[in-house]
Amino acid sequence: GNSVTQMEGPVTLSEEAFLTINCTYTATGYPSLFWYVQYPGEGLQLLLKATKADDKGSNKGFEATYRKETTSFHLEKGSVQVSDSAVYFCALSNTGFQKLVFGTGTRLLVSP
Amino acid sequence: DVKVTQSSRYLVKRTGEKVFLECVQDMDHENMFWYRQDPGLGLRLIYFSYDVKMKEKGDIPEGYSVSREKKERFSLILESASTNQTSMYLCASSWGDRAYEQYFGPGTRLTVT
């Protein structure tokens, strides 16, 4: 079946540090891949997406590249801010209706 | 801006009670979803609906039912609440042709004692 595996958190960084959150997936065919973010006290919101191999999704300084050969979609940001503290969810969609399958989430804590 | 609202942020119920969680969206979205979010398990889909009066089971529908009588409203019902249904419940909605781009409400933290 379809599944998403994310690195365990929390990830603790100082402001301006480089961020990587690892995500790998298992799926048949050619899924679309997503990163969602959940800020404290809020619902999830779509951060970025990639719909085919080698696509790079980007938004708000975050990037992720769809790597079919390694079945990965790692999230990166060159310089994190305190306001980036949140829980990040990797997800895939691989059905006709495009239901989402979520990873377990990775909490990011950024200190000043 | 799309707005998805949930009837309560926090709810405490007793075992065996019937519980209603309400979700309303204001963007005329065709699709609506109910998830539960638990530590270490991420989000798991309970039920979804792609049209009024239509519903489909998700991955963990046992112990839940849903109702969608109007396009903007999607209700989750716990017929007889149990302690293992203590969780954060998230509602989401999306347009028909972009089910993956879901807009989420802030969640309802339900505690069953």
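The values are calculated or read from the model by the stated rules, or taken from the named source; none is laboratory data. None of these values were measured; they are calculated from a predicted model. Here Cβ is always computed from backbone atoms with ideal geometry, including for glycine, and neighbour counts include all displayed protein chains.
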Checklist entry - Which residues, counting only those in the range A:24-53, are within 13 Å of another protein chain (Cβ to nearest Cβ), closer than 13 Å to A:Thr65 by Cα and free of Cβ contacts under 8 Å to residues at least 40 places away in the same chain? => result A:Leu48, A:Lys49, A:Ala50, A:Thr51
Item to check | Subset of the range A:5-18 that is among the aliphatic types (A, V, I, L, M) and at pLDDT 95 or above - its residue that is nearest to A:Ser93 (Cα to Cα) | outcome: A:Val11
Next on the checklist: Would you confirm, using the coordinates I've provided, whether A:Thr65 is of a type in the set (S, T, N, Q), under 14 Å from the mean Cα position of the chain (by Cα) and within 14 Å of chain B (Cβ to nearest Cβ)?
Outcome noted: no
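Any idea which residue in the range B:13-29 is surrounded by the fewest Cβ atoms within 10 Å (Cβ to Cβ), counting only those that are of a type in the set (Lys, Arg) and more than 30 Å from B:Ala99 (Cβ to Cβ)?
B:Arg14
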Next on the checklist: For the range B:56-73, check the following and say yes or no: at least one residue is at pLDDT 95 or above, more than 14 Å from every other protein chain (Cβ to nearest Cβ), surrounded by 15 or more Cβ atoms within 10 Å (Cβ to Cβ) and under 28 Å from A:Cys90 (Cβ atoms).
Outcome noted: yes
Checklist entry - In the range A:1-23, how many residues are of a type in the set (A, V, I, L, M, F, W, C), more than 21 Å from A:Thr71 (Cα to Cα) and in a loop (DSSP other than H, G, I, E, B)? => result 2
Checklist entry - On the given criteria, is B:Thr86 surrounded by 15 or more Cβ atoms within 10 Å (Cβ to Cβ), more than 27 Å from A:Pro31 (Cα to Cα), of a type in the set (Val, Ile, Thr) and modelled with pLDDT of 95 or more? => result yes
Checklist entry - Quick check: is even one residue across the range A:3-21 in contact with a Pro (Cβ under 9 Å, 6 or more places away or on another chain) and either within 23 Å of B:Tyr103 (Cα to Cα) or hydrophobic (A, V, I, L, M, F, W, C) (or both)? => result no
Checklist entry - Scanning the range B:30-82 for residues that are touching a residue at least 40 places away in the same chain (Cβ under 8 Å) and farther than 20 Å from B:Ala99 by Cα, which turns out nearest to the chain's Cα centre (by Cα)? => result B:Ile77
Checklist entry - Taking the condition within 11 Å of chain A (Cβ to nearest Cβ) and either crowded, with 16+ Cβ neighbours inside 10 Å or more than 11 Å from the chain's Cα centre (by Cα) (or both), does B:Ser94 pass? => result yes
